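Below is one structure, written out as structure tokens; the observations come after it.
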Amino acid sequence: MRTDSKIVFVVDDDDLILRASTRILQARGYAARAFSSARECLSAVSVQVPDCIVSDLQMPGMDGAQLIEQLRALGVAVPVILATAAIGPSVQLDRARRAGAYRILRKPHSIPELLDALAGLFAGKAGSEESGT
């Protein structure tokens, strides 16, 4: 599979994580774009729908679960992989699952975990299991 045709939007309010994740994906051949907020990403989706969104769950303003809810309300069915440092049950995690998160990765996740999640998505494998728990 060629990854260069796959557009991945990366959303994180932590600039270091955002830049590192975007660079890693670009180095692996993905067309990755970086957004520092869910609102910025949502605005960009109105112009270009990506093949996948990789987003932090816990962000100020609109969180990752709300991003998924807004996408679905607009009729955009792009798969969303969420990353979170939350431990144990949380309202945000429950909302993210109900909204249809493709997969939830626990922070800090490894590069191979993220790449495996993307590879599984693009290979058509079912998601929604959590990694790193």
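Quick note: the coordinates plus some simple rules give every number you see, no bench work behind them. Here the structure is a predicted model, which is why all the values come from computation and not from measurement. Here Cβ is always computed from backbone atoms with ideal geometry, including for glycine, and neighbour counts include all displayed protein chains.
Give me Phe9, Phe35 ranked fewest to most by other Cβ atoms within 10 Å of their Cβ, as a rough exposure proxy.
Ordered from fewest to most neighbouring Cβ atoms within 10 Å, Phe9, Phe35 come out as Phe35, Phe9.
Which peptide among 14-24, 49-59, 96-106 comes first, and what is the full order, when sorted by highest mean count of other Cβ atoms within 10 Å?
The peptides rank, most packed first, as 49-59, 96-106, 14-24.
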Quick check: residue separation of Leu16 and Gln92 times 0.36 nm, minus the Cα distance between them. What number comes out in nm? 25.1 nm
Please give me the summed charge of the neighbours of Asp63: other residues whose Cβ is under 15 Å from its Cβ, Lys and Arg +1, Asp and Glu -1. -1
Apply 1/(1 + (r/R0)^6) to the Cβ-Cβ distance of Val76 and Leu115, taking R0 = 30 Å, and write down the FRET efficiency to the nearest 0.05. 0.80
